[in-house]
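Reading through the structure tokens given below for one structure.
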Amino acid sequence: MPPELCVRVDGVEIQVPAECSVAAALRSAGFSSTRHSLDGTPRAACCGMGVCFECRVRIDGVERLGCLVRVREGMEISRDA
Amino acid sequence: MRELRTEILVVGAGPAGIAAAVSAERAGARALLVDMQAEPGGQIWRGQWNKATDPAARQWLGALRASPVETRYGLRLIDLPAPGLAVFDGDSGPLRVRCERLVIAGGARERLLPFPGWTLPGVFGAGGLQVLAKNGWPVAGQRIVIAGSGPLLLAAAATLRGLGAKIVRIAEQTGWRDLAGFGAGLLRHPRKLAQAAGLARRLAGVRYRGNTWVAHADGDDRVRSVTLASGSHREQIHCDALAVGFGLLPNTDIARALGCELRDGAVWVDGHQHTSVAGVYCAGEGTGIGGVDQALAQGEIAGCAAAGRAELAGAALARRRQSDRFAANLRRHFVLRDELRRLAEPDTVLCRCENVRYGAAATCTGTREARLQLRLGMGHCQGRICGAATEFLFGWNAATPRPPLAPASLACFTATSSSENPPQDPT
Ligand SMILES: Cc1cc2nc3c(=O)[nH]c(=O)nc-3n(C[C@H](O)[C@H](O)[C@H](O)COP(=O)(O)OP(=O)(O)OC[C@H]3O[C@@H](n4cnc5c(N)ncnc54)[C@H](O)[C@@H]3O)c2cc1C
Ligand code: FES
């Protein structure tokens, strides 16, 4: 098994792969979206490189792009930032 | 606000920026290299920092490790309030950098075009899914369709297959005649030819179709199938992910914010990679799409020139000429077809951030009206995605970037001299 670490997503503690981006960790944990658009449809990472802003989440209280930030033990992530 | 001083600031730690910073130090100057990603490597060398498998990546990432270049990651350039002053925002709070000369090495982004279903989770850029997967996005066992245009489709397919994905189709919109022409052009580039042969090996057995493009994607909470078009023929394919990219576009926001001259959508540079603005250099895909060899050659030249030792870049000059020919071959043979202008339907979202639909945008006369009336391009991505689309769809000019170049935290505005510009409304 590759190493894992523990983060909280929307208040729930989950195990995610240690060597990945926040966006990848969310997908690995089974979340298919990171936010909802103005009309309520789900959206998720698209460009992978900090351009589209679809992967944005709140990390330890600050809005960040999930595709650019690496997971860290104990991170608090909330979707629909 | 934290502040650093350096002689040469290099923004972007892809192949071009790494080569520029390392070469500047070798030429006797002090350089600071900053990137918004968590590690150096840019797009092509994502995930190679700790385990480089690519020989060029091993060479240049090794050179960067061994050099005295100062580095900062997780920081995005958001403002250039005065000559020689740059403001970054990131995980660790804002950072201000004072420099004597600037090398812009911000690379390229993918051109994404709207089609029904393109906003579904599970629909990505082609290089987009590739770089996500390089940073751990799970693709093993997934059925993936790749579509769009350009050699990046093949590179993405090879990476994804290597990570255990099942590539069920690659749909290239360019016709066979141009694909053959591009292939023939590669004969003059032994390195590219070897790369192409390697890709062909890694993609053995995958179905590759020319003259074929995406018509629409369908799904519920995520994508479930894609319908491909070729002439009047339609084919529906079930998939877990759809990766669609219509070629690469030079990132010019930083250069434009500084007033650098553009030509054909790319930053204009002279033989020393110097832009039209004194003390500002540009290297890599920002000057035009030409691949990693071009980025490395231009980076070396820019680094030496910025250090005042342009004569040290001799060998890189010949390599730059070679890759210029490759870039021209690429431009000539991957021209987007007209049908791609008619994929979106009136209710298809065009501006993903502000949910502006194609039908509404099509009634406007240009970028300015669409911004004022509909807020098109006014959301988080600041028109980086929809601006490229409206340029292709309607022939509109992109809006001139205004600071901040990306949504930034308030702390960034407390101590910059451009603080008369309030942070843009992020909603
Ligand atoms: C998604 C994608 C995938 C690609 N995959 C391949 C591939 O597999 N094979 C291949 O041959 N070519 C690939 N390419 C083409 C590739 O871009 C070039 O071959 C090569 O990486 C170009 O190098 P560069 O240094 O010019 O740009 P890049 O490698 O794009 O590096 C630019 C760097 O600048 C940083 N940056 C941009 N703006 C800012 C800012 N405001 N503040 C801080 N940092 C900033 C970015 O984070 C990035 O790391 C890909 C391109 C894209 C867009
Ligand atoms: S996926 Fe586009 S910004 Fe992260």
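The values are calculated or read from the model by the stated rules, or taken from the named source; none is laboratory data. On a predicted model such as this, the values are computed, not experimentally measured, just so you know. So basically every Cβ, Gly included, is an ideal-geometry build from the backbone, and we count neighbours across all protein chains shown. The area values use the complete protein model at the heavy-atom level, side chains included, leaving out ligands, DNA and RNA. Shrake-Rupley method; radii C 1.70, N 1.55, O 1.52, S 1.80 Å.
A few remarks follow.
- Per the listing B:Arg72, B:Arg46, B:Arg26, the residue uniquely within 24 Å of B:Cys381 (Cβ to Cβ), touching a residue at least 12 places away in the same chain (Cβ under 8 Å), basic (Lys, Arg) and open to solvent by 50 Å² or more (accessible area, probe 1.4 Å) is B:Arg72.
- Taking the criterion of being over 22 Å from B:Gln37 (Cα atoms) and of a type outside the set (S, T, N, Q), the residues of the range A:10-28 that qualify are A:Asp10, A:Gly11, A:Val12, A:Glu13, A:Ile14.
- Residue match in the range A:51-67 (condition: out of contact with any strand residue (DSSP E or B) (no Cβ under 7 Å at 6 or more places or on another chain), within 14 Å of ligand 2 (Cβ to nearest atom) and within 18 Å of B:Gly42 (Cα to Cα)): yes
- Residue ranges of strands (runs of 3 or more DSSP E) in the range B:8-119 with at least 3 members within 13 Å of ligand 1 (Cβ to nearest atom) and under 30 Å from B:Leu340 (Cβ atoms): B:108-110
- Flag if A:Met75 is within 16 Å of ligand 1 (Cβ to nearest atom), hydrophobic (A, V, I, L, M, F, W, C) and modelled with pLDDT of 95 or more: no
- Residue match in the range A:28-38 (condition: within 16 Å of ligand 1 (Cβ to nearest atom), assigned to a strand (DSSP E or B) and open to solvent by 10 Å² or more (accessible area, probe 1.4 Å)): no
- Residue within the range B:298-321 that is within 30 Å of B:Gly377 (Cα to Cα), open to solvent by 30 Å² or more (accessible area, probe 1.4 Å) and assigned to a helix (DSSP H, G or I) present: no
- Taking the listed residues B:Asp54, B:Asp79, the one that is more than 14 Å from every other protein chain (Cβ to nearest Cβ) and open to solvent by 50 Å² or more (accessible area, probe 1.4 Å) is B:Asp54, with no other qualifying.
- For the range A:2-24, the candidate set comprises residues that are surrounded by 15 or more Cβ atoms within 10 Å (Cβ to Cβ) and more than 7 Å from chain B (Cβ to nearest Cβ); within that set, the residue that is farthest from ligand 2 (Cβ to nearest atom) is A:Glu4.
- As a summary of the residue check, B:Ala171 satisfies the conditions (1) open to solvent by less than 20 Å² (accessible area, probe 1.4 Å); (2) outside any loop (DSSP other than H, G, I, E, B); (3) within 16 Å of ligand 1 (Cβ to nearest atom); (4) modelled with pLDDT of 95 or more except for the one numbered (3).
- Considering the range B:202-251, the qualifying strands (runs of 3 or more DSSP E), each wholly inside and each with 1 or more residues that are more than 25 Å from the chain's Cα centre (by Cα), run over B:213-219, B:223-230, B:233-238.
- The residues of the range A:39-55 that are within 16 Å of ligand 1 (Cβ to nearest atom) and either open to solvent by 20 Å² or more (accessible area, probe 1.4 Å) or without any contact (Cβ under 8 Å) to a residue 12 or more places away in the chain (or both), listed by number, are A:Cys46, A:Met49, A:Val51, A:Cys52.
- Some residue of the range B:258-275 being within 11 Å of ligand 1 (Cβ to nearest atom), touching a Leu at 6+ places or on another chain (Cβ under 7 Å) and either within 14 Å of chain A (Cβ to nearest Cβ) or open to solvent by 30 Å² or more (accessible area, probe 1.4 Å) (or both): no
- Residue that is nearest to B:Ala388 (Cα to Cα), among those in the range B:95-113 that are within 12 Å of chain A (Cβ to nearest Cβ) and in contact with a Ser or Thr (Cβ under 9 Å, 6 or more places away or on another chain): B:Arg111
- Residue list for the range B:174-198, filter: more than 16 Å from ligand 1 (Cβ to nearest atom), surrounded by 16 or more Cβ atoms within 10 Å (Cβ to Cβ) and hydrophobic (A, V, I, L, M, F, W, C): B:Leu179
- Only listed residue being without any contact (Cβ under 8 Å) to a residue 40 or more places away in the chain, open to solvent by less than 30 Å² (accessible area, probe 1.4 Å), within 19 Å of the chain's Cα centre (by Cα) and more than 7 Å from chain A (Cβ to nearest Cβ), chosen from B:Ala157, B:Ala126, B:Ala133: B:Ala133
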